[in-house]
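Each remark here refers to the structure printed beneath this line.
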Amino acid sequence: MLKTGVKSVPISKAKASESKEVVIKGWIYRKRSSGGKIFAVVRDRTGIIQCIIDKSAMSESAWNAIDSAYLESSIIIKGTVKKDERAPDGVEMEAKDVLVVHSGEQFPITEYQSPEFLLDVRHLWLRSQRMIMAMKARSYIFRYARDFLDKQGFFEITPPLVTVAGGETGADLFEVKYFDQKAYLTESSQLYSEAMIYSLEKVYSFAPSYRAEKSRTVKHLAEYWHLEPEMAYFNNAMNMKFQEKLVSGIANKLAKEHPDILKFFSVEPDSLIKIRPPFKRLSYDQAIALLQEKGSDKKWGDDFGVEEEKLLTENEDKPIFVYNWPKEIKAFYMPVNPKDERTVLCADMLAPHGHGEIIGSSEREWRYEELVKRMKELNMNLDNYSWYIDLRKYGSVPHAGFGLGIERVIKWMLNLDHIRDAIPFPRVINRLTP
Ligand code: 4AD
Ligand code: MG
């Protein structure tokens, strides 16, 4: 009799083991019966295989167990893999023994379900082929990003996620009770990464960031994973070069190593192979001119929204940079552009085909007086940032860095309609469970 501890092979390997007896462990993906036989499609993380279970070859208890099992019941099957042209993949498994590990209850997800219901049962919907593919892509993209930075000599650092003040606009912070004090969930780890360049020089954090975004859009999460590299002695030009190498590297590797995942989402792998440096660079001034040419009523000084991002990237196959934005719409730490004091030294990377901003980046004001002056202009509470300002007193150096929203990158690369499918348990304004 089969036991749960029995040695098994992944389904992908079983499929390549023609005429051999193997054991697989998985879940029932589809099931039908006809004429004393059960046809069960079994899935594991490597794929699916059709298994034929013949009543005459089973013990009565094994047959009864599989006969009454549900979709998603967990199952172990021992059998022989055979070629069969009628089977979906040209091979199928003839079962010799079956163990239903847990039959459980009727699986609540049937074929046609509303997106809202699928979000309610997200913990179960994660077993769908669509979510399996998306979660694999997510894991690969995380790995490629880390591999790239590790190879470039970066140290991964771990910032605190509970802070006393924000690094960006501060308007979208989640408040938390921290003993007797008011604190916030971090919206960016940048300020802490900056502190660590003075010892490790090239660092990155890869951690959640929190934004109490009230906007219900297809690209905003309240909790997202933020990759934030920070580099000593980098300027804006070096920063952009580095970003395009990172993003191309991730795109190329995903296309080369996992074209099957891309094809599942109807993305042509070649479209990601073609993501190569250099990316187009538009100054903010040029971007405004281009938008106006395309009929937009945006004027100098305005921020961009979904519409503008779409107009700027609709005909692009690669991401583009928009650099040197007006200082009034960017964060306090960005240094003024000496060539045009209305702007700051920064760049946003926009994904092609309207997928929106995937990176926010800039040089950092590294001079004590200039930083304090700007923070006072903005009426910021300097006490909350005393340690950050302090960094500019001892051996300060020019530096730059960026923040990449990993779910935005996944959304773009898999061409997802909504960012929520790029993360297993999405947090958005109207959803905190599961
Ligand atoms: O442009 P942002 O706000 O920049 C910063 O936070 C900088 N401190 C980063 C840095 O320089 N270290 O955010 C950076 C990126 C955006 O480009 C976007 O990709 C992503 O974070 N992002 C979001 N992703 C999902 N949901 C949201 N609500 C997001 N807000 C920003
Ligand atoms: Mg931004």
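Quick look at the numbers
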quantity	calculated
Prolate/oblate/rounded call for the range 61-217, Cα gyration tensor, a/c under 1.5 rounded	prolate
Rounded if a/c under 1.5, otherwise prolate or oblate - the range 342-391, Cα gyration tensor axes	prolate
Karplus (6.51, -1.76, 1.60) ³J(HN,Hα), θ = phi - 60°, over the range 273-279, in Hz, Gly and Pro reported as x	5, 6, 6, 9, x, x, 8
Whether the range 137-236 is rounded, prolate or oblate, judged on the alpha carbon gyration tensor where a/c under 1.5 counts as rounded	oblate
Kirkwood-Stokes translational diffusion coefficient of the range 183-342, alpha-carbon pairs, 20 °C, 1.002 mPa s, µm²/s	117 µm²/s
Residue with peak Gaussian network fluctuation, the chain [Cα springs, cutoff 10 Å], from 269, 398, 352	398
For the range 21-136, alpha-carbon Rg over 2.2 N^0.38 Å	1.09
Dipole magnitude of the range 204-250 about its Cα centre (Cβ charges: Lys, Arg +1; Asp, Glu -1), debye to nearest 20	200 debye
Set of lysines with alpha-carbon distance to residue 393 below 25 Å, sequence-local pairs under 8 removed	202, 327, 330, 373, 376
Span-rule helices in the chain, defined as complete DSSP H runs reaching 20 Å or more along the axis (Cα) with Kyte mean at least -1.0	129-151, 236-257
Whole-angstrom Cα spans of the range 349-429 along principal axes, big to small	46, 27, 21
Taking 270, 97 and counting other C-beta atoms within 10 Å, the order from fewest to most	270, 97
Simple Cβ-charge dipole of the chain, Lys/Arg +1 and Asp/Glu -1, about Cα centre, in debye nearest 20	1260 debye
222 nm mean residue ellipticity, helices alone, for the chain (DSSP H n ≥ 4; -39,500 (n - 2.57); rounded to 500)	-8500 deg cm²/dmol
At 0.890 mPa s and 25 °C, Stokes D of the range 310-397 from Kirkwood alpha-carbon radius, µm² per second	169 µm²/s
Cross-link reach list, lysines versus residue 31, counting only Cα pairs under 30 Å and skipping chain neighbours closer than eight places	3, 7, 13, 15, 20, 55, 78, 82, 83, 96, 136, 263
Alpha-carbon spread of the chain, three principal axes, descending order, Å	85, 54, 40
Dipole axis of the range 287-410 (+1 Lys, Arg; -1 Asp, Glu on Cβ), positive-most option in 291, 362, 306	362
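Every number in this text was worked out from the coordinates using simple rules, so none of it is lab data. Treat the numbers as computed from the prediction; the structure is a model and nothing was measured. Virtual Cβ from ideal backbone geometry, glycine too; neighbours counted across all protein chains shown.
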